[in-house]
Each structure stands twice: as C-alpha cells, then as structure tokens.
Amino acid sequence: MSAVEGLRRRCEARLRGIRVPVPFDLDQFCDEVAARRGRPLFRRSVPGLSDEAACGLWIGTDRADHVFFDPGTSPLHAEHIVLHELSHILCGHSGSDAALGTLFPDLEPGAVRRALGRARYTDDQEREAEMMASLIRGRSARTPRTPLGRTTDALGLT
C-alpha cells in the first residue's frame, strides 16, 4: 500500500460516524463539528489573511473554536480552506511548541501560540488535513445509486 493510500484509509477511518450533509452545506458541517467538540465554532473572513498565513487559521480557545479564512479567493477555495482548518480540529492536531519554547522559554507554549494566533503544523499534519478536507467534500458529492444504476454498472452498460 502506498503512503497516500495509507493516509487516505486513516482519514476515512477518522471520518466514520461524522455526518457530512448531502448536498453539502458548510454551515451544517460546522454545526456537526461544534456538536462533536461540545463548544461553539465561529467562522470569520479576514481580508488579507493570506498575506500572513496560508489562507486559513484555526485558533482553539478554552471556550470555542475560531476558524478564519481569506475571503479574497473563490467561494469553492474558501470552502476548502475552512474544511482544511476543520480537519485539523477533527484530527486533534496541535501546533509544534518546540519553536515557541525556544523563542519564549519563560512562558507556557500553548499560551504563546494562542496569543500569537499561529500554529505550526508538521508536514504530515498538513497532508492529513488536506486529505480530510478533500474526502469530506468528496463524500457530499456522492449521490446514492439507484437499483437501476447498480444493475447497469454490473452489466457494464455505463
């Protein structure tokens, strides 16, 4: 099994039991993530965000999750950015505290990360979040097959 296939399978396993609306509705999916976390999730557009970050940002506080995205892109890309950040949440990712500990040795790294509003994810975490975002959107694009559709598929008539 290739590394990409292994990643896809791990992400699909993580998505089991998570309701993805069909047709897709980002508000409903955000509500699903918030319910799973047991706390509010706020989604905000921040013009110019991509000048400072990679188009999106998730900040988790003690009381809520905040997902920010740059509105200066297409609606589909903005949706993917939000799904990528939600995927970090669903995967339980946290930024790397190693660099923060070096820069601010007297402060608790998590507090510094929250104050700076930045997280540094590993490449593996970024790949996982990208795969999850793609799978979430892909799930919603699937339409249930009718019995006739399954029959024509089986007979090779499609």
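The values are calculated or read from the model by the stated rules, or taken from the named source; none is laboratory data. Note that the coordinates shown come from a computational prediction; the quantities given were computed from them, not determined experimentally. Cβ: placed from backbone, ideal geometry, glycine included. Neighbour counts: every protein chain shown.
Odds and ends about this structure:
- Residue that is surrounded by the fewest Cβ atoms within 10 Å (Cβ to Cβ), among those in region 57-77 that are β-branched (Val, Ile, Thr) and in contact (Cβ under 8 Å) with a residue 24 or more places away in the chain: 61
- Candidate set from region 43-73 (those that are touching an Asp or Glu at 6+ places or on another chain (Cβ under 9 Å) and among the small types (Gly, Ala, Ser)); member that is modelled with the lowest pLDDT: 53
- Filtering region 1-42 to residues that are of a type in the set (Phe, Trp, Tyr) and under 14 Å from residue 66 (Cα atoms) leaves only 42.
- Residue 40 falls short on exactly one of the conditions (1) touching a helix residue (DSSP H, G or I) at 6+ places or on another chain (Cβ under 7 Å); (2) modelled with pLDDT under 95, and that condition is (2).
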